Structures are given as C-alpha cells and as structure tokens.
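Below is one structure, written out as structure tokens; comments come after it.
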Amino acid sequence: MSVILTLLAALLATGACAYHRTSLRTWAIATIATTLVVGLLVHAPWTTAILLIIEAAIALPLLLVDFRRRQISAPLLKLFASVTPKLSETEQTALEAGTVGFEGELFSGKPDWHELLKQPKPELSVEEQAFMDGPVEELCSMIDDWQITHELADLPPNVWEFIKKHKFFGMIIPKRYNGLEFSALAHSAVLQKLATMSATVASTVSVPNSLGPAELLLHYGSEEQKNHYLPRLAVGEEIPCFALTGPYAGSDATSIPDVGIVCKQVVDGVETIGFRLTFDKRYITLAPVATVIGLAFRMYDPEHLLGDKEDLGITLALLPRSTPGLQIGRRHFPLNVPFQNGPIHGKDVFVPMSTLIGGPQMAGHGWRMLVEVLSVGRAISLPSNATGALRGAVAAVGAYARMRKQFGLAIARFEGVEEALARIGGLTYATAALSRATAAAVDRGEKPSVPSAIAKYHATEWGRQVAGDAMDVLGGKGVQLGPNNYAGRAWQGVPIAITVEGANIMTRSLMIFGQGAIRCHPYVLKEMQALSISDRDEQLKTFDRLLFGHLGFGVSNAVRSFAMGLTGSRIGESAGDAYTRRYYRKLDRYSAALALCADVFMGVLGGKLKFKEKLSARLGDVLSYLYIASSMLKRYEDTGRPEADRPLLAWAFHQCVWNMQMALDGAIRNFPVRPVSWLLRVLVFPFGRREVPPSDRLGRRVAALITAPSEARDRLMEWVYLTPTANNTVGRMNALLPDVIAAEPVDRKFGKALKTGQFKSHDYLGQLAEAEQAGVLDASEAALLRRVREAVFEFISVDDFDSEELRSAVTRGDKHKLADAA
Ligand SMILES: Cc1cc2nc3c(=O)[nH]c(=O)nc-3n(C[C@H](O)[C@H](O)[C@H](O)COP(=O)(O)OP(=O)(O)OC[C@H]3O[C@@H](n4cnc5c(N)ncnc54)[C@H](O)[C@@H]3O)c2cc1C
C-alpha cells in the first residue's frame, strides 16, 4: 500500500505540473519533494530511493543545458532537418501570409479566454448606420429579383446607377480617394442586407470590394496608379474585375499557363519596353461589363531586358478594357443568379510595363500579393452573403411555418418541421457570430488567413444546409418560381458560393488544418524557421529551446486532455458566468485534445499528413468548431448575456461540440498507426464518446423562438430587409406575424365550434359569419380571422405564367440564325 501511495503521489505531482505547464525546474523540485515527503510519511524507503534515482536521472540531463544541447538536441536537429519536407515557394508564401489572432490560442491547448473577451465589441459607426438606414434601405426597396434573374438577366439600369452613385463599389476605398472607407463590419452588414433581397445584387456589390484591383492597388499600387484608379473605382466610373482562373488552372491557381513575354515594341514612334500577353481566362465576375481588368499571368524575360532571371513568376497587371487585342463581352450563366460573369481572352496583346500593379519592381511578386490580401476579402464577401441568406431564412421560414396550416395545425407544430426549424435557427446563430468575429478580426488590423478559410467554408456549408431546410419547410411554395418566390433562387445559387474563393472540399481538406496547424501552432513554424538560421550555435540554441518547449507542451496537452476527459471537463478554472462556464471548460478540453492530436499526427506522419486529406480535414473541423463556438460565446458576452438567446446558444454550442467529438473520433479511429490510435483514444476519450447532439426539447425551444416575434428573433434577423414594401414579401409576412399569432386562440375556439356541426355553410367565410351571429366569436375576433385568412392567402399563393412568358426570347436556334446572318 505504501509503495502504491508513494508512486501515486509522484505521478500526481508530475501530472499537476504538466496540467499547469510549470517550468522543468519547478517540476523537478515538486516531484522530488513530493516523493520524499510522502515516501517518508508512509514508510516506503526502497520505493522512495528508486523513484528519486529515476526522477534525478530524468531531470539532471534536461536541466544541464549545455549537456542537453550537445547530447540530445544536436542529433535531433539533424534528424528534424532530414525529415522536414522542403516547402515549395508557393506553400512558403501561403504559410507566411496573414496574421494569427485568437485561433492561435485555440491551438495552444490552454486558451486564454481573457484575450478573447477583452476584444472590443464590434459596432457600426454613426455614419455607417446612416448608410444602412439610408442608401442600403433604398436600394433594397428598388430590387425586383424576378426582374433581375428572369426578365433582364442583369440589374436594371436604375439599380446600376444607384449602386455607383452611392459608392457601394467603394466601401473599402479610403475617403482621401473619394471612397466610403467603411469598417469590415459595415461592409459585411451592407452585403448581408442586400443578400436578403437578391444574391445577384449582393454578388455584384461584393466583388469590387473583395480581392481585386482596388484591394491590390491599395496595398501595392504606385501613387500614380492609386490617384488614377481609386477615385474612379469608388464611384463606379471604372468597373473592375480580377482574372486568375482559366480552363487549366482552377483550384490550383498557381499553375496558370497564361504568359507575358517581356519585349520591346515601337509605340507612337517610341521604343517601349513592355510585355506580350497571351491568356485564356474564364468564370471572371463582372468581366462582361468591366472597364479595367486585373490580370494574373506568368512573366518571362527571355531577352533579359529586366535582369538575369528568365522566369520571373506570377505577376499582376491592370489592363484598360480598350487595350487592343483584349477580348471580353460574352457571358457565362451561373445557376440563374445572373451577376455579370464571363471569359476573357487575348493573344499577343502588347502592354507597357506601367500596367504592372506597383510598377516593374513588383514583377514576379503576384502570388505573394494575392495571398497576402486574399484573407481580407475572403473573410467578408462569401461569409456575409451566406449570413444574410441564413438570417433571411429565419425571417421567411419562421413566419411562413406559423401561418401555413395543414391537418388543422400550423406546420411549425409538427415535430418533423420543428427539426428543420431548429437547424435554421441554431445554424443562423452560429453563422452570424462567426461572420461577425471574422469581420472584427479584419477591423483589428489582422489578415486572418485561417479564420477567413473557416468562415468561408462553414458559412457557405451551413448556407447550403439551411437553404435545403428552408425549401423542405416551404414545400411547393419554394418550388414554384416567380416574383413571389423568395427562396428558390437562393437555393439554386448555393453551389456558386461553395465553389468560389477556394472550392469548399479543398478549403476543408487542405487549407484549414494545413495552414492552421503550422501558422497557429506555438512551435512548428518557429522550428521550421530555425532550420534556416545560418549561425550553427545560434541555430542549436534556438532549436533546443523550441524542442524542449514543444515536448513540455505535448506532455501537458496529453495530461490536460486525459484529465478533462476523466472529469467530463466539469472541474477547473475557466472564464464565463454560472451559465457559460461549462461551455468554456468544454472548449478547454477540446483545445487540449486538438493540440495533442495535431502534434502526434504531424510527428508520426510528418510530410505525409499533407496527403492524408481525410485526417487533416477532420482536425481542421475541430479547429473550426472551436473557433465558431468561441465566436458565439464572445457574441453572447457582447450582447450583455441575454437570457432570451440561451436556447440558440445552447443548440449551436452542443451541435459544435458534437461535431468536434465526431471529427476527433473519426481522425483517431482512422489513424493508420494502430498503437498510436489506441493510445490517443485513451487520452482523448477515456470514457468513450460522451457528448450528445442538441436534444429534441432544445430544438423545440429554438423552433418556437424563430416562429414568434421576440428580441432573440430580432437579433437573428439583424440586417434583414424587413420594411414591408411591395417588393418585399418576407417583410410583409413578418409584419403580419403578430396578427397570425393573436388569431391562433380565436381560431381554436372557432375550430371547436365547427366540430359541433352547428353551422350550415360549407365555406370558411360563411361559417365565420354564422359563428359571429351565434355569439361564438365577437365582432373583433371574427374580423381578425377574416383579415388573417385573406392576408395569409397572398403568402401561400404562387405564381403562374402563360407558356409564351416562360419561353426564352432568343432560343439557341435563333442565336445561330442571328450569328449566320451577321
Ligand atoms: C460563378 C463563379 C465566379 C467566379 N469568379 C471568379 C473571378 O472573378 N476571378 C477568378 O479568377 N476566378 C473566379 N472564379 C473561380 C473560382 O474562384 C474557383 O477558383 C474555381 O472555380 C475553381 O476551379 P474549378 O471550378 O475549375 O474547380 P476544380 O479546380 O476543377 O475543382 C473541382 C473539385 O476538386 C476539388 N479539389 C481541387 N483540388 C483539390 C485538392 N488539392 N484537395 C481537395 N480537393 C481539391 C475542389 O474543391 C472541387 O470540389 C469564379 C468561379 C465561379 C464558378
């Protein structure tokens, strides 16, 4: 017994030090002292002596730094250098681009929640709010999405004019260049509101404010280029597009075959150095109407007119539409969401060096320029458009499910429908928090490369899920297209968001964890960078410090993960109040588990992990859900911990934790080295998988919350265009919702009376009149039922058309005849 007690005491001391991440010295002192004291107290001299020898044998070489460096770190440095895969220039650029924000804490295994909670609450300025209440409201009131998507396949001229005049294209352009200079949050709010009315308008506005000429000029343009282009871009005098993608280079954008050959040509009698461009681009948004084209190509200098290098690499230029030889004009047709999109071609198009963004010294730096600014646009455009669509679904489907009756009940009452409504509410809460957190990171000056990939992927995936749920609940009302259908086009357009700015499968499998693991890990990138230190002594010193820091980190994460797994993360210090503390503790547990698995996976598989996309995607999911859940907790704090939001927070949080558990379980279960997989299973899930998805009861509360007016529902619908104008069915439905709810008890009374068979009429209005005459209902009750019946009819009605109306004005046959005639 005394032997066991002594052993246990030594182990506990070691575990406590690892859990709290004490220094090596503190661990040595604490463990030796504990062994000594407990060993003597329980009279176990032999055990104490053996344990002390083992502890000293471990501690001494580690504490003697010179010895440690020469005997342990030096050979390990050699091994590390030989197994570390050489990064390509493209990978190196991607890894070095961007900054690390709170996501770094999530990878630490012991997040400092104070860092998150002290970040200022993101809010719109007075000027930004005025823009939302003024021009954005007005633009929404002008939008007729059926006219855009079916009749014109374009925005009508007055909408184009309004967008340009009110500088919607200049939200990211500073005021000194006549732009609006909005915060990322305001930029996101504008897109969200527009997305609730038309995906075509939101996409059109988002592109000039995302990765493209304005963003690139702001960061890399010469003063002359900025002064020329930015004021024109701000007011839509110039319409930009950015052309990277081509038939042979989609996701693998670095493989573009488009070339620019440096050469001389006589222009207006003067010999000019420039380059001859040959390119074939497709899918380029705004290309058919663009006046200035940002173009990515690979530059070669075979005659060495610029220097020694022949292959200069990816380079970016800005070409005016009038450039001789540049061909644009025709259009692609992205899934009935007809924002302007089309191909651009050119063969041997000569342009001067002055067209290079930033001038000739930026030749060959194109990939770095793109990757550096990509995260900012990606953090806003797609996540905001998706969030707007989700918020819109709460407004539309929440109201519809309460007014549409079948089997004598509002369809919201059926448990099957309730399930879909709960997903709509819960996922909207999560997506809104995610998109706000990522915009806030941009406003803090970060270039959030990992969070922007998380936001892009999850906002659009949840957009896909909610669009499907919305269509299921709307039934035929969602299917029949026409001016009164507010859901069909959004559902049709979902794959566009999934594909653009990093197609989702690749974003999940390659980017989130691939970048996250190396960028956010406290040691890995620094260890890789240590390999390039030229001074050998300095290199060894740095590597040794990092190596032992890293080992301690690994041991600590193993202990933390196991300990929190044993207690179900029910004990220990954490942030939050009595309600949210358990949530923070759960995130602490999964943060430690992620850090442990990431280290083990990278350590065992090395460079091969890059090709194990199914494993890396799952670890990326854990990082994503940690980030999303933290964003929700921050949002909950920022809004003053509203009790009304708790069902939404709880549903979304449990969903995230459930997803995290399943992702970790999948990653560990499928890890190819079985003994490692078994060990990780014990450390991460000592009692198996204990998390459960949101309960049916919780789902019912969420469904109830999105189908009746409340402050929590209002927060979910923030930035939805709800003004009940003639073009806004959803706004009018929401205006009717209080009456629909007030009519429910009256309707029940009426229904009971109907069952008695006392009325002679066979039609609803006749029966209602009889009920009023019989005193079953008073005049105001009967009037309420009449009014609601009539108003709801409009919202359950669908459009119909003459066959002629549905025929395309120009058929493919006509088109060929026209082309032949031409
Ligand atoms: C409507 C629309 C607008 C666009 N606007 C622009 C624009 O303005 N400018 C511009 O330059 N580009 C634009 N694009 C291009 C877009 O951003 C994508 O980069 C491009 O569509 C992806 O190429 P692809 O469609 O050929 O898909 P592919 O590259 O052929 O990919 C097909 C599938 O393979 C997956 N995949 C590919 N590689 C990997 C990998 N390593 N690991 C896992 N999965 C992988 C992808 O995720 C995808 O699911 C637009 C595209 C569309 C559809």
Item to complete: Towards the positive end of the charge dipole of the range 164-316, with charges on Cβ (+1 Lys, Arg; -1 Asp, Glu), say which of Asn178, Pro247, Ile261 has the farthest Cα.
Response: Asn178
Discussion item. Roughly how far apart, in whole Å, are the Cα centres of the range 381-410 and the range 1-66?
Written reply: 61
Discussion item. Classify the range 30-123 from the C-alpha gyration tensor, please: rounded if a/c falls under 1.5, else prolate or oblate depending on whether a/b exceeds b/c.
Written reply: oblate
Discussion item. Under a Cβ-only charge scheme (Lys and Arg +1, Asp and Glu -1), can you give me the dipole magnitude of the range 743-822 about the Cα centre, in debye to the nearest 20?
Written reply: 320
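Restricting to bridges with both residues inside the chain, how much of the DSSP beta-bridge set is antiparallel, in percent to the nearest 5?
On the way: 33 of 40 bridges.
Counting DSSP beta bridges with both partners in the chain, the antiparallel share is about 80 percent.
Which net charge results for the neighbourhood of Thr285, defined as the other residues with beta-carbon distances under 12 angstrom from its beta-carbon, given Lys and Arg at +1 and Asp and Glu at -1? Don't skip to the end; give the middle numbers.
Working: positive: Lys281, Arg282, Arg331; negative: Glu501.
So the environment of Thr285 carries a net charge of +2.
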Worksheet item: For Lys586, which aspartates and glutamates qualify as cross-link partners when the Cα separation must be under 13 Å and same-chain residues fewer than eight apart are set aside?
Response: Glu573, Glu691
Fill in: Kirkwood-based shape ratio for the range 442-601, expressed as Rg/Rh from alpha carbons
1.13
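Let me check something: with ligands and nucleic acids excluded, how do Trp113, Trp491 order by accessible area (1.4 Å probe), largest to smallest?
On the way: Trp113 10, Trp491 125 Å².
The ranking, largest first, comes out as Trp491, Trp113.
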Discussion item. Placing unit charges on C-beta atoms (Lys and Arg positive, Asp and Glu negative, everything else neutral), compute the dipole magnitude of the chain about its Cα centre in debye, rounded to 20.
Written reply: 2680
Fill in: Over 34 Å [Cα-Cα, the chain], rounded percent
59
Worksheet entry | Spread of Cα-to-Cα distances over 10 Å intervals beginning at zero, given as percent, for the range 509-645 | 11, 33, 32, 18, 6, 1, 0
Practice prompt. Compute the separation of the alpha-carbon centres of the range 584-642 and the range 689-703 and state it in Å as a whole number.
Written response: 22
Worksheet entry | chymotrypsin sites (Phe, Trp or Tyr not before Pro) restricted to DSSP loop in the range 383-462 with at most 11 other C-beta within 10 Å | Phe407
Practice prompt. Could you estimate the translational diffusion coefficient of the range 474-561 from the Stokes-Einstein equation, with Rh from the Kirkwood formula over C-alpha pairs, at 4 °C and 1.567 mPa s, in whole µm²/s?
Written response: 74
Worksheet item: According to the Cα gyration tensor, what semi-axes, each the square root of 5 times an eigenvalue, does the equivalent ellipsoid of the range 369-527 have, listed from largest to smallest in whole Å?
Response: 36, 15, 13
Worksheet, complete the sentence: Taking a probe of 1.4 Å and leaving out DNA, RNA and ligands, the chain shows per residue an accessible area in Å² of 44
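What ranking of Asp469, Asp144, Asp714, Asp820 comes out by heavy-atom accessible area, probe 1.4 Å, highest first? Mind dumping the intermediate values first?
Numbers: Asp469 5, Asp144 70, Asp714 95, Asp820 130 Å².
So, going from the largest accessible area down, we get Asp820, Asp714, Asp144, Asp469.
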Worksheet entry | Dipole of the chain, positive direction: furthest Cα of Met1, Pro686, Ile328, with charges on the beta-carbon | Met1
Discussion item. How big is the range 212-298 along each principal axis, measuring the range of its Cα positions in Å and listing the largest first?
Written reply: 35, 35, 24
Worksheet item: Net charge near Asn341, counting Lys/Arg +1 and Asp/Glu -1 over other residues with Cβ under 15 Å of its Cβ?
Response: +2
Item to complete: Quick one: compute a quarter of the convex hull surface over the Cα atoms of the range 303-344 and quote it in nm².
Response: 5.0
Worksheet, complete the sentence: Expressed in angstrom, Rg and Dmax over the Cα atoms of the range 577-622 are 13.8, 44
Item to complete: For the range 134-278, state the average projected area of the convex hull of the C-alpha atoms over all orientations, rounded to one decimal in nm².
Response: 11.7
Worksheet item: Relative contact order of the chain: what whole-number percent is it, with Cα pairs under 8 angstrom and at least 6 residues apart?
Response: 14
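Roughly what percent of Cα-Cα pairs across the range 96-136 reach past 16 Å? Each step should come with its number before you reach the end.
Numbers: 476 of 820 pairs.
Pairs farther apart than 16 Å: 58 percent.
Over all directions, what mean area does the Cα convex hull of the range 167-210 project, stated in square nanometres? Spell out each step's value before the answer.
Numbers: hull surface 10.6 nm².
One quarter of the hull surface, i.e. the mean projection, equals 2.6 nm².
Given a Förster distance of 30 Å, report the FRET efficiency between Asp348 and Glu151 from their Cβ-Cβ distance, rounded to the nearest 0.05. Could the numbers behind the result be given before it?
Numbers: r = 40 Å, r/R0 = 1.34.
Efficiency, rounded to the nearest 0.05: 0.15.
Only helical DSSP H runs with n ≥ 4 go in: add -39500 (n - 2.57) per run for the chain, normalise by residue count and round the 222 nm mean residue ellipticity to 500 deg cm²/dmol.
Details: 35 runs with 476 residues, N = 822.
It comes out at -18500 deg cm²/dmol, rounded to the nearest 500.
Taking only C-alpha pairs under 8 Å that are 6+ residues apart, what is the relative contact order of the range 281-418 in percent?
Working: 175 pairs, mean separation 30.5, N = 138.
Relative contact order of the range 281-418: 22 percent.
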Practice prompt. Quickly work out the Ala81-to-His228 label distance, labels modelled 7 Å from Cα along the C-beta direction, and quote it in nm with one decimal.
Written response: 4.9
Worksheet item: For the range 590-646, which whole percent of the accessible surface, found with a 1.4 angstrom probe, sits on carbon and sulfur atoms?
Response: 50
Worksheet item: In whole angstrom, how far apart do the alpha carbon centroids of the range 443-476 and the range 112-159 sit?
Response: 17
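The values are calculated or read from the model by the stated rules, or taken from the named source; none is laboratory data. Everything quoted here is computed from the prediction, not taken from an experiment. Cβ sites come from the backbone with ideal geometry, for glycine too, and all protein chains shown count toward neighbours. Please note that ligands, DNA and RNA were not included when accessible areas were found on the heavy atoms of the full protein model with its side chains. Shrake-Rupley method; radii C 1.70, N 1.55, O 1.52, S 1.80 Å.
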